[in-house]
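Note sheet for the following structure.
Bear in mind that the values in this text are calculations on the coordinates, not laboratory data. Everything numeric here is computed off the predicted structure, so don't read it as measured data. Don't worry about glycine lacking a Cβ; one is built from the backbone with ideal geometry, like all the others, and counts go over all protein chains shown.
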Amino acid sequence: MRSDVIVLGAGMVGVSAALALQSRGRNVVLIDRRPAAEETSYGNAGLIQREGVVPYAFPRAWKTILKSALNQTTQSHLHWSALPWIAPALYQYWRHGTPERVEATSHAAAPLVEHSLTEHEALTQAAGATALVRRTGYLKVFRDEALLAAELALDQGSRRRWGITAEAKTEAELRAIEPHLSGPFAGGVLMSQPWSVASPGALGKAYAELFVKRGGTFLTADATMLQSAADSWTIPRVEGPVSAPHVVIALGPWSDEVLRCLGIKLPFFVKRGYHMHYRQLGNAIPSRPIVDGDNGYLLSPMNGVIRLTTGAEFARHKALPTPVQLGKVEPLARALFPLGDRAETAPWLGARPCLPDMLPMVGAVPGYSGLWIDSGHHHLGFTLGPVTGRLLAELMTGEAPFTDPRPYRVDRF
Ligand SMILES: Cc1cc2nc3c(=O)[nH]c(=O)nc-3n(C[C@H](O)[C@H](O)[C@H](O)COP(=O)(O)OP(=O)(O)OC[C@H]3O[C@@H](n4cnc5c(N)ncnc54)[C@H](O)[C@@H]3O)c2cc1C
């Protein structure tokens with residue numbers, strides 16, 4: 001089978017890229033080893049983060065770094081045994097954490113984040129999936145006065161510049177929004193612009209169904225089998241090979257695996273994260289996601305259960321699960337909001353695909369004709385999939401890109 005483009009990976013990023021290329025007249029074959037959106041794009045917190053301009057930077061305060069390194073926080077967890085593999089990328093991540101570089105990253109992220117809602121809007125409409133989307137924002141609550149003050153300072157400062165609205169809330173106002181929250185609270189913030197979804201996996205699947213409905217081909221195959229020969233990229237399959245002059249690597253946290261097979265080394269690393277579903281207790285279900293600002297986890301209502309997602313675990317991608325953070329935050333979450341029994345025996349484990357500057361990588365791989373990357377979307381891949389898909393498609397088809405693509409280029413490291 002021959003096509004114009006092969007897109008490898010059918011998570012939110014790959015499916016969105018396939019749709020954007022298809023809408024520009026390209027004949028696209030989308031390939032995954034699993035059905036669409038069953039990995040990272042399934043297990044995330046389901047936020048479409050219109051406010052997510054300022055990146056999660058490597059901490060600069062030595063006290064915070066030391067606490068994190070000693071695994072004394074709930075926000076992060078480090079596998080010391082992974083350091084020989086992950087230290088070079090972490091060092092680069094640390095180097096990108098200076099105030100100047102965080103500012104530069106925010107600048108570069110802003111045009112993508114700004115367009116995230118409109119790009120999702122168009123796709124949810126076309127896919128008939130608007131019922132999955134809640135436009136009610138999310139709440140961030142704090143028991144700690146100093147942390148609340150820091151959050152409010154961020155709102156007054158950098159966020160305002162990026163057009164982000166955050167409404168400060170008193171404890172009484174928090175309770176009026178979510179009557180089941182258990183205080184005491186210093187206060188909180190309502191992030192009103194972001195959307196959230198009742199099932200991230202279902203939204204990814206709805207987009208993939210739209211791609212197929214519009215005439216796209218979705219096949220099962222192993223992306224590590226990718227071969228290049230004479231201006232053509234091929235994926236062998238028992239049913240016969242699939243070839244195209246262009247191939248897009250949109251394999252999320254597995255992108256590095258396939259790129260390394262081609263001899264391409266980029267500073268990809270992962271921030272792993274867990275989720276657990278809890279049964280509803282009585283009539284207590286939050287009306288929107290709630291972030292515990294003191295402890296760095298999130299609770300979100302999802303299809304009759306409450307999903308708790310954890311912060312970042314720095315580990316090798318394929319290391320065995322160590323849900324230490326989940327163990328630490330579960331009692332805190334139960335003290336924050338009524339939660340019933342665990343609905344599953346084992347937590348879900350996923351991995352945020354990251355690059356040291358916390359910007360995605362979107363563009364052509366220099367020196368490899370027809371090889372493109374759309375990956376490294378870190379904490380924001382569910383948010384940014386459609387917008388980076390659009391940018392990639394504009395670059396691939398020679399259309400004027402809607403924003404300067406240079407901050408996301410492949411050879412920036
Ligand atoms: C706990 C947690 C919470 C998060 N919360 C949010 C959030 O609220 N909002 C947000 O915007 N982002 C969030 N993220 C980040 C977001 O989920 C990711 O950035 C995003 O899902 C990445 O999408 P992707 O399509 O690049 O990767 P994936 O969804 O992982 O898709 C990659 C695809 O590649 C396929 N694949 C891999 N290897 C092969 C192979 N060899 N052959 C064929 N196919 C292969 C996989 O099967 C998979 O379908 C969160 C992440 C985590 C872990």
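Computed over the stretch 226-301, relative contact order equals 14 percent, with contacts defined as Cα pairs under 8 Å that lie 6+ residues apart.
For the stretch 252-392, what is the charge dipole size about the Cα centre, in debye to the nearest 20, if Lys and Arg each add +1 at the Cβ and Asp and Glu each add -1 at the Cβ?
Working: 14 positive and 10 negative charges, 23 e Å.
The calculation lands at about 100 debye.
Stretching the chain fully between Glu257 and Glu167 yields a gain of 28.2 nm (0.36 nm per residue, less the alpha carbon separation). Note on the stretch 1-135: dipole from Cβ charges, positive end direction compared against Thr105, His115, Ala57; the farthest Cα belongs to Ala57. Distance between the modelled labels on Ala176 and Ala146, one decimal in nanometres: 3.1 nm (7 Å Cα→Cβ projection). For the stretch 1-147, a simple Cβ point-charge model (Lys and Arg +1, Asp and Glu -1, everything else neutral) yields a dipole of about 220 debye relative to the Cα centre. Placing +1 on the Cβ of every Lys and Arg and -1 on the Cβ of every Asp and Glu, with no other charges, gives the chain a dipole of roughly 340 debye about its Cα centre.
Select from the stretch 179-267 those GluC sites (Glu not before Pro) which occupy a DSSP coil region and have at most 12 other Cβ atoms within 10 Å, ordered by residue number.
On the way: sites: Glu209, Glu239, Glu257; in loops: Glu239.
Answer by residue number: Glu239.
With the cut-off at 1.5 for a/c, could you classify the stretch 372-413 from its C-alpha gyration tensor as rounded, prolate or oblate? Since a/c reaches 1.5 but b/c is at least a/b, the shape of the stretch 372-413 is classed as oblate. Among Ala208, Trp94, Leu148, whose Cα lies farthest out toward the positive end of the dipole of the chain, if unit charges sit on the beta carbon of Lys, Arg (+1) and Asp, Glu (-1)? Of the candidates, Trp94 comes out farthest on the positive side.
By the helix-only formula, in which each DSSP H run with n ≥ 4 contributes -39500 (n - 2.57) and the sum is divided by residues, the chain has a 222 nm mean residue ellipticity of -10000 deg cm²/dmol.
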